[in-house]
1. In segment 98-138, which residue that is under 18 Å from residue 5 (Cα atoms) and among the basic types (Lys, Arg) is surrounded by the most Cβ atoms within 10 Å (Cβ to Cβ)?
2. Please specify each residue of segment 234-263 satisfying the condition of being surrounded by fewer than 17 Cβ atoms within 10 Å (Cβ to Cβ), in contact with a helix residue (DSSP H, G or I) (Cβ under 7 Å, 6 or more places away or on another chain) and at pLDDT 95 or above.
3. How many residues are at pLDDT below 95, assigned to a loop (DSSP other than H, G, I, E, B) and under 17 Å from the mean Cα position of the chain (by Cα) when one looks only at segment 6-29?
4. So which of 112, 96, 102 is closer than 28 Å to residue 157 by Cα and at pLDDT 95 or above?
5. Quickly run through segment 155-207 and pick out the residues that are assigned to a loop (DSSP other than H, G, I, E, B) and either among the aliphatic types (A, V, I, L, M) or without any contact (Cβ under 8 Å) to a residue 40 or more places away in the chain (or both).
6. So in segment 66-85, with the set limited to residues that are without any contact (Cβ under 8 Å) to a residue 60 or more places away in the chain and surrounded by fewer than 21 Cβ atoms within 10 Å (Cβ to Cβ), which one is farthest from residue 209 (Cα to Cα)?
Amino acid sequence: MAVNLHKLKERIAEGERFTCLTAYDSTFADLVSSNGVDIILVGDSLGMVVQGKESTLPVTMQDMCYHTQAVANGNQGALVMADMPFMSYQDEATALINAGKLMQAGANLVKLEGGAWLADTVTQLRRNGVPSCVHMGLTPQSVNVFGGFRVQGRQRDAAERMISDAHTVAEAGADILLLECVPSALAKRIVEEVNLPVIGIGAGTATQGQVLVSYDMLGLGSHRKPKFVKDFMAECDTPAQAIQKFVSDVKNGSFPAAEHEFS
(Lines give C-alpha, C1' and ligand atoms only; values in the text may rest on other atoms or scores of the structure.)
Protein backbone atom coordinates (compact mmCIF):
# COMPACT_ATOMS: atom_id res chain seq x y z
CA MET A 1 0.00 0.00 0.00
CA ALA A 2 1.41 3.38 -1.02
CA VAL A 3 2.61 5.69 1.75
CA ASN A 4 1.15 9.19 1.99
CA LEU A 5 1.41 11.91 4.63
CA HIS A 6 -1.95 11.09 6.17
CA LYS A 7 -1.15 7.40 6.57
CA LEU A 8 2.33 8.20 7.87
CA LYS A 9 0.96 10.51 10.58
CA GLU A 10 -1.64 7.90 11.57
CA ARG A 11 1.07 5.30 12.07
CA ILE A 12 3.21 7.72 14.09
CA ALA A 13 0.21 8.49 16.31
CA GLU A 14 0.04 4.75 17.01
CA GLY A 15 3.68 4.79 18.13
CA GLU A 16 5.26 3.36 14.98
CA ARG A 17 8.66 4.56 13.77
CA PHE A 18 9.32 5.24 10.09
CA THR A 19 12.28 5.08 7.72
CA CYS A 20 13.84 7.20 5.00
CA LEU A 21 16.71 6.48 2.60
CA THR A 22 18.11 8.42 -0.33
CA ALA A 23 17.78 7.36 -3.94
CA TYR A 24 18.86 9.20 -7.06
CA ASP A 25 17.78 6.83 -9.84
CA SER A 26 15.11 4.34 -10.82
CA THR A 27 17.04 1.22 -9.78
CA PHE A 28 17.77 2.45 -6.25
CA ALA A 29 14.22 3.78 -5.91
CA ASP A 30 12.85 0.32 -6.72
CA LEU A 31 15.33 -1.36 -4.35
CA VAL A 32 14.60 0.99 -1.46
CA SER A 33 10.83 1.12 -1.81
CA SER A 34 10.46 -2.63 -2.41
CA ASN A 35 12.17 -3.41 0.88
CA GLY A 36 10.00 -1.49 3.29
CA VAL A 37 11.35 2.07 3.34
CA ASP A 38 8.59 4.63 3.90
CA ILE A 39 10.17 7.76 2.38
CA ILE A 40 12.65 8.13 -0.46
CA LEU A 41 14.71 11.30 -0.21
CA VAL A 42 15.98 12.59 -3.55
CA GLY A 43 18.71 14.52 -1.80
CA ASP A 44 20.98 17.23 -3.10
CA SER A 45 23.60 14.96 -1.52
CA LEU A 46 23.71 13.61 -5.08
CA GLY A 47 26.18 16.41 -5.71
CA MET A 48 28.69 14.61 -3.54
CA VAL A 49 27.88 10.91 -3.91
CA VAL A 50 26.83 10.89 -7.58
CA GLN A 51 28.54 13.91 -9.14
CA GLY A 52 31.72 13.80 -7.04
CA LYS A 53 31.51 17.43 -5.89
CA GLU A 54 32.85 18.67 -2.54
CA SER A 55 29.47 19.93 -1.34
CA THR A 56 25.80 20.13 -2.27
CA LEU A 57 26.07 23.74 -3.46
CA PRO A 58 26.66 23.10 -7.21
CA VAL A 59 23.46 21.02 -7.55
CA THR A 60 20.92 22.73 -9.82
CA MET A 61 17.15 22.62 -10.22
CA GLN A 62 17.68 20.83 -13.51
CA ASP A 63 19.69 18.15 -11.65
CA MET A 64 17.01 17.77 -8.99
CA CYS A 65 14.14 17.52 -11.48
CA TYR A 66 16.02 14.94 -13.56
CA HIS A 67 16.80 12.71 -10.57
CA THR A 68 13.34 13.17 -9.01
CA GLN A 69 11.71 11.98 -12.22
CA ALA A 70 14.04 8.97 -12.38
CA VAL A 71 13.21 8.06 -8.79
CA ALA A 72 9.47 8.49 -9.36
CA ASN A 73 9.70 6.11 -12.31
CA GLY A 74 11.18 3.34 -10.15
CA ASN A 75 9.27 3.98 -6.92
CA GLN A 76 7.07 1.18 -5.61
CA GLY A 77 4.82 3.07 -3.20
CA ALA A 78 7.14 5.10 -0.95
CA LEU A 79 6.60 8.81 -0.31
CA VAL A 80 9.01 10.80 -2.51
CA MET A 81 10.64 13.83 -0.89
CA ALA A 82 12.86 16.05 -3.04
CA ASP A 83 15.39 18.63 -1.92
CA MET A 84 15.10 22.24 -2.99
CA PRO A 85 18.72 22.96 -4.00
CA PHE A 86 20.91 25.90 -3.01
CA MET A 87 19.39 29.32 -3.82
CA SER A 88 16.21 27.82 -5.30
CA TYR A 89 13.94 29.27 -2.57
CA GLN A 90 15.49 32.60 -1.65
CA ASP A 91 12.07 34.28 -1.90
CA GLU A 92 8.48 33.05 -1.96
CA ALA A 93 7.91 33.50 -5.68
CA THR A 94 11.07 31.61 -6.62
CA ALA A 95 10.24 28.87 -4.14
CA LEU A 96 6.75 28.38 -5.58
CA ILE A 97 8.05 28.08 -9.15
CA ASN A 98 10.80 25.63 -8.26
CA ALA A 99 8.69 23.55 -5.88
CA GLY A 100 6.13 23.23 -8.66
CA LYS A 101 8.80 21.84 -10.96
CA LEU A 102 9.77 19.19 -8.41
CA MET A 103 6.16 18.18 -7.79
CA GLN A 104 5.57 17.88 -11.54
CA ALA A 105 8.70 15.73 -11.77
CA GLY A 106 7.18 13.29 -9.27
CA ALA A 107 7.85 14.54 -5.74
CA ASN A 108 5.17 14.23 -3.07
CA LEU A 109 6.74 16.90 -0.86
CA VAL A 110 9.77 19.16 -0.91
CA LYS A 111 12.52 19.74 1.66
CA LEU A 112 14.01 23.14 2.46
CA GLU A 113 16.90 24.00 4.77
CA GLY A 114 16.47 26.80 7.29
CA GLY A 115 14.50 28.04 10.25
CA ALA A 116 11.90 30.63 11.17
CA TRP A 117 12.72 32.75 8.14
CA LEU A 118 11.09 30.05 5.99
CA ALA A 119 7.67 30.53 7.62
CA ASP A 120 6.09 32.65 4.89
CA THR A 121 7.46 30.39 2.18
CA VAL A 122 6.14 27.28 3.94
CA THR A 123 2.70 28.89 4.23
CA GLN A 124 2.64 29.83 0.55
CA LEU A 125 3.74 26.34 -0.47
CA ARG A 126 0.96 24.79 1.58
CA ARG A 127 -1.63 27.17 0.11
CA ASN A 128 -0.52 26.05 -3.34
CA GLY A 129 -0.72 22.34 -2.59
CA VAL A 130 2.94 21.66 -1.85
CA PRO A 131 3.69 19.83 1.44
CA SER A 132 7.07 20.62 2.98
CA CYS A 133 9.76 19.27 5.26
CA VAL A 134 11.99 21.80 7.01
CA HIS A 135 15.58 20.67 7.55
CA MET A 136 17.22 22.14 10.67
CA GLY A 137 20.45 21.71 12.61
CA LEU A 138 23.41 21.00 10.34
CA THR A 139 22.10 22.26 7.01
CA PRO A 140 24.70 21.38 4.34
CA GLN A 141 23.76 24.30 2.07
CA SER A 142 25.02 26.60 4.86
CA VAL A 143 28.34 24.82 5.28
CA ASN A 144 30.28 27.99 4.47
CA VAL A 145 28.45 29.90 7.19
CA PHE A 146 29.01 27.14 9.75
CA GLY A 147 32.69 26.81 8.86
CA GLY A 148 32.37 23.12 8.10
CA PHE A 149 30.20 20.15 9.01
CA ARG A 150 29.68 20.74 12.73
CA VAL A 151 27.13 19.64 15.34
CA GLN A 152 24.54 22.40 15.85
CA GLY A 153 22.61 23.44 18.96
CA ARG A 154 25.11 22.61 21.68
CA GLN A 155 25.09 26.12 23.15
CA ARG A 156 22.00 27.03 25.14
CA ASP A 157 21.04 30.06 23.04
CA ALA A 158 21.41 28.09 19.80
CA ALA A 159 19.29 25.27 21.22
CA GLU A 160 16.53 27.63 22.32
CA ARG A 161 16.57 29.34 18.92
CA MET A 162 16.20 25.98 17.15
CA ILE A 163 13.25 25.06 19.35
CA SER A 164 11.62 28.41 18.63
CA ASP A 165 12.25 27.99 14.90
CA ALA A 166 10.69 24.53 14.98
CA HIS A 167 7.52 25.93 16.56
CA THR A 168 7.40 28.74 13.99
CA VAL A 169 7.65 26.54 10.90
CA ALA A 170 5.17 24.05 12.38
CA GLU A 171 2.65 26.84 12.89
CA ALA A 172 3.35 28.06 9.35
CA GLY A 173 2.23 24.71 7.93
CA ALA A 174 5.29 22.47 7.62
CA ASP A 175 4.44 18.77 7.49
CA ILE A 176 7.71 17.22 8.70
CA LEU A 177 10.90 18.36 10.43
CA LEU A 178 14.33 16.89 9.77
CA LEU A 179 17.05 17.34 12.39
CA GLU A 180 20.66 16.70 11.40
CA CYS A 181 23.63 16.52 13.77
CA VAL A 182 22.04 17.95 16.88
CA PRO A 183 22.45 16.77 20.49
CA SER A 184 20.06 13.99 21.38
CA ALA A 185 18.60 15.93 24.31
CA LEU A 186 17.73 18.85 22.03
CA ALA A 187 16.09 16.57 19.46
CA LYS A 188 14.05 14.98 22.26
CA ARG A 189 12.78 18.39 23.38
CA ILE A 190 11.75 19.31 19.86
CA VAL A 191 9.91 16.00 19.40
CA GLU A 192 8.08 16.51 22.70
CA GLU A 193 7.18 20.15 22.08
CA VAL A 194 6.39 20.31 18.37
CA ASN A 195 3.42 18.40 16.98
CA LEU A 196 5.07 17.21 13.77
CA PRO A 197 6.76 14.00 12.64
CA VAL A 198 10.52 14.41 13.07
CA ILE A 199 13.17 12.62 11.02
CA GLY A 200 16.61 12.37 12.58
CA ILE A 201 20.10 11.87 11.21
CA GLY A 202 22.66 12.09 13.97
CA ALA A 203 19.88 13.28 16.30
CA GLY A 204 19.47 10.34 18.66
CA THR A 205 16.62 7.94 19.31
CA ALA A 206 13.73 10.26 20.18
CA THR A 207 12.82 11.16 16.60
CA GLN A 208 10.04 9.10 15.07
CA GLY A 209 11.93 8.65 11.80
CA GLN A 210 15.51 8.00 10.74
CA VAL A 211 17.25 8.82 7.46
CA LEU A 212 20.61 7.81 6.01
CA VAL A 213 22.29 8.23 2.65
CA SER A 214 21.79 4.85 1.00
CA TYR A 215 25.38 4.75 -0.28
CA ASP A 216 26.65 5.17 3.29
CA MET A 217 24.45 2.51 4.90
CA LEU A 218 25.47 0.08 2.14
CA GLY A 219 29.16 0.72 2.80
CA LEU A 220 29.78 2.25 -0.63
CA GLY A 221 32.49 4.82 -1.27
CA SER A 222 35.91 5.34 0.27
CA HIS A 223 35.16 8.61 2.05
CA ARG A 224 35.16 8.86 5.83
CA LYS A 225 31.72 8.02 7.19
CA PRO A 226 30.08 10.34 9.75
CA LYS A 227 29.57 9.13 13.31
CA PHE A 228 25.84 8.62 12.79
CA VAL A 229 26.28 6.13 9.92
CA LYS A 230 26.05 2.36 10.33
CA ASP A 231 27.26 0.03 7.56
CA PHE A 232 24.36 -2.43 7.33
CA MET A 233 26.05 -4.39 4.53
CA ALA A 234 28.65 -5.56 7.06
CA GLU A 235 25.98 -7.86 8.54
CA CYS A 236 24.17 -8.82 5.35
CA ASP A 237 24.75 -10.64 2.06
CA THR A 238 22.75 -8.42 -0.29
CA PRO A 239 21.69 -4.77 -0.51
CA ALA A 240 18.06 -5.84 -0.15
CA GLN A 241 18.85 -7.61 3.13
CA ALA A 242 20.78 -4.57 4.37
CA ILE A 243 17.84 -2.26 3.66
CA GLN A 244 15.44 -4.67 5.37
CA LYS A 245 17.73 -4.73 8.42
CA PHE A 246 17.86 -0.92 8.47
CA VAL A 247 14.06 -0.84 8.42
CA SER A 248 13.71 -3.45 11.18
CA ASP A 249 16.41 -1.87 13.37
CA VAL A 250 14.77 1.57 13.14
CA LYS A 251 11.32 0.20 13.87
CA ASN A 252 12.44 -1.89 16.86
CA GLY A 253 14.56 0.94 18.26
CA SER A 254 17.97 -0.70 17.96
CA PHE A 255 19.18 1.92 15.47
CA PRO A 256 20.49 4.45 16.14
CA ALA A 257 22.53 3.23 19.10
CA ALA A 258 24.50 5.29 21.61
CA GLU A 259 27.59 5.39 19.40
CA HIS A 260 25.61 7.17 16.68
CA GLU A 261 24.46 10.05 18.93
CA PHE A 262 25.83 13.48 19.84
CA SER A 263 25.72 14.99 23.31
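The values are calculated or read from the model by the stated rules, or taken from the named source; none is laboratory data. Bear in mind the structure is a predicted one, so any value in this text is a computation, not a measurement. Don't worry about glycine lacking a Cβ; one is built from the backbone with ideal geometry, like all the others, and counts go over all protein chains shown.
1. Looking at the filtered set, the residue picked out is 111.
2. Listed by number, the list holds a single entry, 240.
3. So the answer is 0.
4. Working: 96 fails: closer than 28 Å to residue 157 by Cα; 102 fails: closer than 28 Å to residue 157 by Cα.
After applying the criteria, what remains is 112.
5. Kept after step one, since they are assigned to a loop (DSSP other than H, G, I, E, B), are these residues of segment 155-207: 155, 173-175, 181-183, 194-197, 202-207.
Listed by number, the residues that qualify are 155, 174, 182, 194, 195, 196, 203, 206, 207.
6. Just the residues of segment 66-85 that are without any contact (Cβ under 8 Å) to a residue 60 or more places away in the chain, to begin with: 66-76, 80, 82-85.
With surrounded by fewer than 21 Cβ atoms within 10 Å (Cβ to Cβ) added as a condition, the list becomes 66, 69-70, 72-74, 76.
On the way: 66: 26, 69: 24, 70: 24, 72: 21, 73: 24, 74: 23, 76: 20 Å.
Ranking the candidates gives 66 first.
Residues checked against (1) out of contact with any Phe, Trp or Tyr (no Cβ under 7 Å at 6 or more places or on another chain); (2) under 22 Å from residue 113 (Cβ atoms); (3) crowded, with 22+ Cβ neighbours inside 10 Å:
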position: 179; (1), (2), (3): yes, yes, yes
position: 189; (1), (2), (3): yes, yes, no
position: 199; (1), (2), (3): yes, yes, yes
position: 207; (1), (2), (3): yes, yes, yes
position: 217; (1), (2), (3): no, yes, yes
position: 220; (1), (2), (3): yes, no, no
position: 226; (1), (2), (3): yes, yes, no
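Per-residue answers, yes or no, for (1) surrounded by fewer than 24 Cβ atoms within 10 Å (Cβ to Cβ); (2) within 28 Å of residue 253 (Cα to Cα); (3) aromatic (Phe, Trp, Tyr):
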position: 20; (1), (2), (3): no, yes, no
position: 24; (1), (2), (3): no, yes, yes
position: 28; (1), (2), (3): yes, yes, yes
position: 37; (1), (2), (3): no, yes, no
position: 44; (1), (2), (3): no, yes, no
position: 50; (1), (2), (3): yes, no, no
position: 57; (1), (2), (3): yes, no, no
position: 60; (1), (2), (3): yes, no, no
